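A short reminder: the numbers here are calculations on the coordinates, not readings from a lab. The model shown is predicted, which means the values in this text are computed figures rather than measured ones. Positions of Cβ are generated from backbone atoms using ideal geometry, with glycine treated the same way; all protein chains shown enter the neighbour counts.
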Amino acid sequence: MAILKKPLVTEKISALNESGKYGFIVDKEANKVQIKKEVERIYGVNVENVRTMVYSGKRKSRNTKSRIITGRTSSFKKAIVTLAEGEIIDFYSGI
């Protein structure tokens, strides 16, 4: 089971990166302890705190020539990880 799916790179999360907080899209079944261990294992940092939130899928519709198509976006779980003082994660080192 891949616990960490991808890091969040948004304007709001990038502002939090300066204070040692990083965002990740995680597996819906993962708990805070599993997320903490996975971040420490992959990035080699010490995690102090993990906050999680589950976003439900939103209803979307669009008009086409023949009909209206309706559907849903997929739901996901987001984790905000706070690192120990002085530690950073560099997502852009391989670019």
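For the chain, the longest principal axis of the Cα atoms and the long axis of helix 32-43 meet at an angle of about 70 degrees. Checking [x] 55, 32, 32; [y] 73, 28, 18; [z] 57, 28, 22 against the coordinates, the calculated Cα extents along the principal axes in Å falls under label [z]. Counting only residues at least eight positions apart within a chain, or on another chain, the aspartates and glutamates with an alpha carbon under 19 Å from that of LYS36 are ASP27, GLU48, GLU85, GLU87, ASP90. Rounded to the nearest 20, the size of the Cβ-charge dipole of region 4-83 about its Cα centre is 740 debye, with Lys and Arg at +1 and Asp and Glu at -1. Obtain the nm distance between the two label points defined at VAL33 and GLU18 by a simple spin-label model: each point lies 7 Å from its Cα along the Cα-to-C-beta direction. Each label point is offset 7 Å from its Cα along the Cβ direction, giving 3.7 nm. Placing unit charges on the Cβ atoms of the charged side chains and taking the dipole of region 4-83 about its Cα centre, the candidate lying farthest along the positive direction among MET53, ILE68, ALA15 is ILE68. Projecting each Cα onto the charge dipole of the chain (Lys/Arg +1, Asp/Glu -1 at the beta carbon, about the Cα centre), which of ILE88, ASN31, TYR43 comes out farthest on the positive side? The listed residue farthest towards the positive side: ASN31. Could you pull out the pairs from LYS12/LYS37; LYS12/LYS65; LYS12/LYS58; LYS5/LYS65; LYS6/LYS58; LYS5/LYS58 whose alpha carbons sit more than 29 Å apart here? Those over the limit are LYS12/LYS65; LYS5/LYS65.
Here region 62-94 is scanned for amide nitrogen atoms under 16 Å from the site 7 Å beyond the Cα of VAL54 along Cα-to-Cβ, giving 74-80.
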